[in-house]
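One structure below.
The values are calculated or read from the model by the stated rules, or taken from the named source; none is laboratory data. Please read these numbers as outputs of a predicted model, since none were measured by experiment. Here the Cβ positions follow ideal geometry from the backbone for every residue, glycine too, while neighbour counts run over all protein chains shown. For accessibility, only protein heavy atoms count, side chains too; no ligands or nucleic acids. Shrake-Rupley method; radii C 1.70, N 1.55, O 1.52, S 1.80 Å.
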Amino acid sequence: GKLFGGIHAQHSEYSAIVELIHMASLLHDDVIDKAQLRRGKPSANALWGNTAAVLLGDYLLSRAFTLASQSQLDDAASVLAETIQSLCTGELKQNLLVDEYDITEKEFFQVIEAKTASLFSCSCQLGAMVSGASQEQIRNVKEFGLVFGLAFQIADDLRDIVSDDGQEGKTLGTDLLEGKMTLPVIHWINQDPHQRQDRIHYLSALDDTAKLTEQLRRAGSIDYVLREAKIRVEKAGQLLDSFPPSSSRDALLALTGQIIPDIA
Ligand code: FPP
Ligand code: MG
C-alpha cells in the first residue's frame, strides 16, 4: 500500500483478511504434512488433533469472508476467492504428484505458483487496489508478488531438506517423507541419466533426509536451486524498478533479499 501513497484503515483490514487465509491454509497444511511444529510451537494438530485443526482452519476462512463482505472494495471478494481456489488446486496437484518421480520442473513450478505465489500476488494486488493504483501498477505489483512467492517457496523447499527444525521453528523433512518432489530432488533425479534409476530407488527407501544433503550438494543440485531462487529474487527487484523510489520500495527489495538461505 505504501508504494502507492499512505496506509488507510482498509489496508489493515485486508492485511488481516490475507493473514486469516494464510493461517487457515497452514492449519490445513500441517494436518496434510503431519507436521508437529509451526513457528517454534506445537502445531494445532499436534495440540488438539486433526479434526479441531481442520475446523479451526475453516472457521478462520469464514472469518476472512465476514471481514471481506463488510468491505466496500469492488472485486476484492472475487480476488480472494480465486486465490483460495488456486491454493486448493495447487495442493491437489501436489497430492496427485506424490511419489511421482517423473514430475517435470514445469509441473513443480505450476504447483508452487498455485499454492504459494498466488497468495503473495493477491496480497500485493489488494494493497494496490485499496490505494486506488492504476491498472498497470496493479499488474506490476501482482507480478512482483508472484515472482517473490516463487523464490520464497523454492528457498522454503530447500530449507526443508538442508536446515533443521530448531532453526526454522517448524517440522522439516516432511516433503520427501510424504513423497513430495521438490526442485532439489527433481534436479538430482535427472542430473545424471545413468544414475536416474538408482537415485529413484534410493529416494523411495529414504528414511532420513540428512543423508541426502551431501549427495545433492555433490551433484550440484543445491547450487542449481539457489540459482533458480536468485534469478527470481533479481527479477522481483527489477519489477520493483517500475515504481518510484521510496522507503517502502527499499523495504520490499530488502525483504526479497532475505529469503535465500545461507548454505552455499
Ligand atoms: C505450505 O506449504 C502450504 C501452502 C503454501 C498452501 C496450503 C493450502 C492448502 C492446505 C489448501 C487449503 C487452503 C485454505 C485457505 C484453507 P509447505 O508445506 O511447502 O510449507 P511449510 O514448510 O511451511 O509447511
Ligand atoms: Mg507443510
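Answer yes or no: is there a residue in the range 81-94 that is touching a Gly at 6+ places or on another chain (Cβ under 8 Å), within 19 Å of SER15 (Cβ to Cβ) and β-branched (Val, Ile, Thr).
No, that holds for no residue.
Counting just the residues of the range 91-106 that are among the aliphatic types (A, V, I, L, M) and in a helix (DSSP H, G or I), which one comes out farthest from ligand 1 (Cβ to nearest atom)?
LEU96
Of the conditions (1) open to solvent by 40 Å² or more (accessible area, probe 1.4 Å); (2) within 22 Å of ALA251 (Cβ to Cβ); (3) within 14 Å of ligand 1 (Cβ to nearest atom), VAL18 satisfies every one except a single condition; which number is it?
(1)
With the range 1-90 as the region, which helices (runs of 4 or more DSSP H) entirely inside it contain at least 1 residues that are within 18 Å of the chain's Cα centre (by Cα)?
Values: elements: 9-32, 44-48, 50-69.
Answer list for the range 1-90: 9-32, 50-69.
For (1) in a helix (DSSP H, G or I); (2) open to solvent by 20 Å² or more (accessible area, probe 1.4 Å); (3) within 13 Å of ligand 1 (Cβ to nearest atom), each residue gets a yes or a no:
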| position | (1), (2), (3) |
| --- | --- |
| LEU158 | yes, no, yes |
| LYS170 | no, yes, yes |
| LEU176 | yes, yes, yes |
| ILE200 | yes, yes, no |
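Among (1) more than 19 Å from SER123 (Cβ to Cβ); (2) in contact (Cβ under 8 Å) with a residue 60 or more places away in the chain; (3) within 16 Å of ligand 2 (Cβ to nearest atom), where does ASP29 come up short?
Unmet condition: (1).
Quick check: is even one residue across the range 159-172 at pLDDT 85 or above, more than 12 Å from the chain's Cα centre (by Cα) and within 11 Å of ligand 2 (Cβ to nearest atom)?
Yes, there is a match, as at least one residue in the range 159-172 is at pLDDT 85 or above, more than 12 Å from the chain's Cα centre (by Cα) and within 11 Å of ligand 2 (Cβ to nearest atom).
Within the group LEU37, LEU26, which residue is in contact with a Gly (Cβ under 7 Å, 6 or more places away or on another chain), under 17 Å from LYS170 (Cα atoms) and of a type in the set (A, V, I, L, M, F, W, C)?
Answer to the selection: LEU37.
Note down all Cβ pairs under 7 Å where the first residue falls in the range 8-19 and is under 22 Å from GLY57 (Cβ atoms), the second is surrounded by fewer than 18 Cβ atoms within 10 Å (Cβ to Cβ), and they're at least six residues apart or on different chains.
GLU13/LEU67; GLU13/SER71; ALA16/LEU67; ILE17/LEU67
Mind checking which residues of the range 182-191 are open to solvent by 10 Å² or more (accessible area, probe 1.4 Å) and in contact (Cβ under 8 Å) with a residue 24 or more places away in the chain? Step through it out loud before you land on a result.
First, pick out the residues of the range 182-191 that are open to solvent by 10 Å² or more (accessible area, probe 1.4 Å): 187, 190-191.
Residues satisfying the conditions are HIS187, GLN191.
Determine whether the range 145-153 contains at least one residue that is farther than 22 Å from LYS235 by Cα and open to solvent by 10 Å² or more (accessible area, probe 1.4 Å).
No, the range 145-153 contains no residue that is farther than 22 Å from LYS235 by Cα and open to solvent by 10 Å² or more (accessible area, probe 1.4 Å).
Working carefully through the options ILE260, ILE222, ILE231, find the one that is at negative phi and either in a loop (DSSP other than H, G, I, E, B) or touching a strand residue (DSSP E or B) at 6+ places or on another chain (Cβ under 8 Å) (or both).
From the options ILE260, ILE222, ILE231, the qualifying one is ILE260.
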